Amino acid sequence: MSRFKKINSKAKAEANSGFGTNPNSYGGRFVNKDGSANIQKRGMHFLHRISWYHTMIDMPRWKFLGILFAFYIGVNFLFASIYYLIGVQYLDGIDPKGSELLKFGKAYFFSAQTFTTVGYGHISPNGFLTSSLAAAEALVGLLSFAIATGLFFGRFSKPTAFLKFSHNALVAPYKDGMAIMMRLVPYKNTNLTDAEAKMTVGMAVEENGKMVNKFYSLELEMSRINALTLSWTLVHPINENSPFYNFTEADFSTIEGEILVFVKAFDDMFSTTVAASTSYLFEEFVYGAKFELMYAENSDNTKTILYLDKLNAHYKIDGQ
């Protein structure tokens, strides 16, 4: 953050931001667009600095299902290989005169039946080693499916805000001046009440001859609403109490900074508070624009239609 501007002295800096104060030790943005911290942890073994449960719960659905299928195929391949090495003659029901590939295939499907405890009975273990291996595999299968069931339940029952934020923040005309605006919307059939928002800006400023990260709370026109059913535009008026007081369009395009947005609301389905967050770099600001209206009445004026695809729709203001 090499370019800076003298911040309005009336703006109060936060001391408990949770982010470092040395800009030379901080790389990239503070918070990613999806709300996660832009932090990479090192200095400890990978297995000690990762929670497998959190990882499996938070990962994308396609990746979660892919890991489950890969684990299922891999475990059965491993047990089938051991059965094959012991000898398929110890698996009653497998023709020892068939090809080796066919023998391995039958051993694999026997492993799948044992792992899932289906047990069709067409092939059965014969001998101490194969019987012991089948018993061990059945135990591994029971434990694996118990863990998978718990993960499925955890993913389905996890309270999630289901909020989407506009990709851009706008610097828009507001009353007799300007204001910073960003928009959010609940995009699923959830019922959120008592929604509360907080905005913080982080910038590198000069203090006692040194560049330091400073964080300032941004006052919102409305920081709390009773029900979050339609879109919600967060508005920070740029007045004498704002750190952006006297900022120009050139300042927003040349100064490096980031606005952090934190939103929490009460989800009556789970009877708990859910939260979502995101951030906007100054380069993601659009100066002199306003958001388009996202909702309208239907044809017979009996319902309100919320157009989710218009979340980031905006238009430039003439003369701005």
Determine, for each peptide in 280-289, 308-317, 41-50, 58-67, the mean count of other beta carbons within 10 angstrom over its residues, then list the peptides with the highest first.
280-289, 308-317, 58-67, 41-50
Loop-resident trypsin sites (Lys or Arg not before Pro) in region 91-179 with no more than 15 other Cβ atoms inside 10 Å, DSSP not H/G/I/E/B, are Lys97, Lys175
Can you pull out the chymotrypsin sites (Phe, Trp or Tyr not before Pro) in region 155-206 whose DSSP state is coil and whose Cβ has at most 13 other Cβ atoms within 10 Å?
Tyr187
Under 5 Å between amide H atoms, partner at least 5 residues away or on a different chain: which partners does Leu218 have, H built in plane at 1.01 Å?
Met199, Thr200, Val201
Ordering of 255-267, 210-222 by burial proxy (mean other Cβ atoms within 10 Å per residue, highest first):
255-267, 210-222
Rounded to 10°, Cα long-axis angle of helix 61-86 versus longest principal axis of the chain:
20 degrees
With labels modelled as points extended 7 Å from the Cα through the Cβ direction, what inter-label distance (nm, one decimal) is found for Thr304 paired with Ser144?
5.1 nm
At 1.4 Å probe size, with no ligands or nucleic acids counted, give the accessible surface of Asp300 in Å², nearest ten.
100 Å²
Which value, in Å³ per residue, describes the convex hull spanned by the Cα atoms of the chain?
230 Å³
Spatial separation of Cα centroids for region 130-192 and region 218-284, in angstrom
22 Å
Filter Lys164/Lys303; Lys214/Lys310; Lys33/Lys316; Lys33/Lys303; Lys188/Lys214 down to the pairs with a C-alpha to C-alpha distance above 26 Å, please.
Lys214/Lys310; Lys33/Lys303; Lys188/Lys214
What 222 nm value per residue comes from the helices of the chain, counting each DSSP H run with n ≥ 4 as -39,500 (n - 2.57) and dividing by all residues, nearest 500 deg cm²/dmol?
-9000 deg cm²/dmol
Measuring with a 1.4 Å probe in the full set of protein chains, what accessible area per residue, in whole Å², belongs to region 73-200?
53 Å²
Dipole magnitude (debye, nearest 20) for the chain, charges at Cβ of Lys, Arg, Asp, Glu
580 debye
Relative contact order of the chain, defined on C-alpha pairs under 8 angstrom at six or more residues apart (%):
22 percent
Pair Leu65, Thr160: separation of 7 Å Cα→Cβ label points (nm)
1.4 nm
Could you work out how far apart the two model spin labels at Thr117 and Glu221 are, taking each label as a point 7 Å from the Cα in the direction of the beta carbon, and quote it in nm?
6.1 nm
Relative to the chain, whose Cα atoms define the longest principal axis, helix 128-157 and its Cα axis are tilted in degrees, nearest 10, by 20 degrees
What do you reckon, how do Arg29, Arg224 stack up by accessible area (1.4 Å probe), largest on top?
Arg224, Arg29
How big is the C-alpha Rg of region 64-133 next to the rule-of-thumb value 2.2 N^0.38 Å, as a ratio?
1.10
What is the percent carbon and sulfur in the accessible area of the chain, measuring with a 1.4 Å probe over the protein chains and ignoring ligands?
57 percent
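The values are calculated or read from the model by the stated rules, or taken from the named source; none is laboratory data. Predicted model, so just to flag it, every value in this text is computed and none were measured. Using ideal geometry, Cβ is built from the backbone for each residue, glycine included, and neighbour counts are taken over all protein chains shown. With ligands, DNA and RNA removed, areas are computed over all heavy atoms of the protein, side chains included. Shrake-Rupley method; radii C 1.70, N 1.55, O 1.52, S 1.80 Å.
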